[in-house]
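First the structure, in the form of structure tokens, and then the observations on it.
Please treat every number below as a calculation from the coordinates, not as lab data. Only a predicted model underlies this, so the values are computations on that prediction, with no experimental measurement involved. For neighbour counting, all protein chains shown are included, and Cβ atoms are generated from backbone atoms with ideal geometry for every residue, glycine included.
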Amino acid sequence: MWKFLVPMGAFLALALLFALGLNPNRDIRALPSPLIGKAAPVFTLSVVEDPGRSFSNASLKGQVYVLNAFGTWCAPCREEQDTLLEIAKQHVVPIIGLDFNDDRARAQRWLRELGDPYAETAFDPDERAAIDWGVYGAPETYLVDTHGVIIFKYISPMTLDVWQREFLPRIAAARKDGA
Amino acid sequence: MRPAILFLCAALCLCTAAAGFAADLDIHGQLVDPVLQARFEAITKQLRCLVCQNESIADSNVQLAGDLRREVREQLLAGRTDAEIFDFMTARYGEFVRFNTPFEGKTLAIWGAPFFLLLLGGVVIYRVTRARSRLPLDDEPAPEPPAIGPR
């Protein structure tokens, strides 16, 4: 009996490992963020439009909001811009832009030409806020709940499908939890 | 009068801050203190660049790696320990940023698996060879079957 069960068990374990590891739908570059479940790092930065005016995400305490890290150097960010504009039109939550490693004039032109989905767009030229948020690529989109805790992170250009499937249910749950 | 003095103070502070930072680096952008520079090189070699995931931030040319090198340099100058700097990075990017996995409770499986497999293989080989050594060699005549019953 053992002569049959042991190799069979080993085979099934290996098959399971391969099924999980070689799943073509798995993004092998995506990393689980250690910041999920932790307090969102607070930043105070000038806004893209005006170097003289500063914005801090501390002012959003008690609100559910989305933070979208982008840069004008990032081609996939251009791709998701229409989706972000569409989402902004729904007025579900404020979208905060975090423009990192960028040139201010270029960022201003980007917002003018492609449209501005952001409630505020923070300008982070030396990437300090982005490092605090654990951003390693662009675009990355974070969801913060009413307690100021990061509850979800999505890496890749945003799509309406992802927004409906991953974000909206979490936003509804976060609101219910915060009320 | 007052604003002028304030402005002068601010300018002076900025200048000394800039000079202070510049004095810590030589013309090649290396830390003047050789001990700090050695620690800087050791730490940056052990941190993974998350954009090009098989390069360390010491080797990578992407912007993020450069900014993380700046972060390490500043923290070294601020007197942080190596462990504090690694903690700073793992708090933001996860354990994956470290090329050298620390030996802790949760990494026990990673560190222990090779030794466990080695032991398992040893046991299997031992049992197989023991079983084989009881078989007759090919050029030996098979032992006589014991006689059955009285003849």
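If you count the DSSP beta bridges with both ends in the protein assembly as shown, what percent of them are antiparallel, to the nearest 5? In the protein assembly as shown, DSSP labels about 65 percent of beta bridges as antiparallel. With only Cα atoms counted, region A:39-86 has Rg and Dmax values of 13.0, 33 Å.
Compute the label zone of A:Asp126 within region A:46-61: residues whose backbone N is under 17 Å from the point 7 Å along Cα-to-Cβ. Only A:46-47 fall inside the zone, counting backbone N under 17 Å.
With just the Cα atoms defining each centre, how far is region B:93-115 from region A:16-67? Give it in Å. Centre-to-centre (Cα) distance: 25 Å. One way to sum up the overall shape of region B:21-84 is the equivalent ellipsoid from its Cα gyration tensor, whose semi-axes run 20, 13, 10 Å, largest first.
The slack in the chain from A:Ser56 to A:Arg165, taken as 0.36 nm per residue of separation less the alpha-carbon distance, amounts to 36.3 nm.
Within region A:68-104, what residues put their amide N at less than 17 Å from the label point 7 Å along the Cα-to-Cβ vector of A:Arg112? The answer is A:72, A:103-104.
With one equal scatterer per alpha carbon and no solvent term, the Debye-computed log10 I(q)/I(0) for the protein assembly as shown at 0.12 1/Å reads -1.02. Which FRET efficiency value, to the nearest 0.05, is calculated for B:Thr107 and A:Ala172 with the Förster distance at 25 angstrom and r the Cβ-Cβ distance? Here the calculated transfer efficiency is 0.10.
Averaged over B:47-59, how many beta carbons belonging to a partner chain fall within 10 Å of each residue's beta carbon? Each step should come with its number before you reach the end.
Numbers: counts 0, 1, 1, 6, 3, 0, 4, 0, 0, 0, 0, 0, 0.
Whole-number average of other-chain Cβ neighbours for B:47-59 is 1.
Take the Cα of B:Val51, step 7 Å toward its Cβ, do the same at A:Thr44, and the gap between the two points is 3.0 nm. Bridges between two residues of region A:90-179, per DSSP, are antiparallel at a rate of about 50%.
Under 5 Å from the amide H of A:Ser33 lies no amide H of any residue 5 or more positions distant or on a separate chain, with H modelled from the backbone and absent for Pro and chain starts.
Please compute one quarter of the surface area of the Cα convex hull for region B:23-151 and express it in square nanometres. Present the calculation step by step, with values, prior to reporting the outcome.
Numbers: hull surface 64.2 nm².
Mean projected area for region B:23-151: 16.1 nm², to one decimal.
Separation of region B:24-58 from region A:104-132 is 29 Å, based on Cα centroids. With the alpha-carbon atoms of region A:36-178 aligned to their principal axes, the span from lowest to highest coordinate is 40, 29, 25 Å, starting with the largest. Using helices alone, I'd like the mean residue ellipticity at 222 nm for the protein assembly as shown: each DSSP H run of four-plus residues gives -39500 (n - 2.57), total over residue count, nearest 500. Theoretical 222 nm ellipticity from helices: -15000 deg cm²/dmol.
R0 = 45 Å: FRET efficiency of A:Leu22 with B:Ala38, Cβ-based, nearest 0.05? With R0 = 45 Å, the Cβ-Cβ based efficiency is 0.60.
Cα centroid separation, region A:69-91 to region A:138-179: 15 Å.
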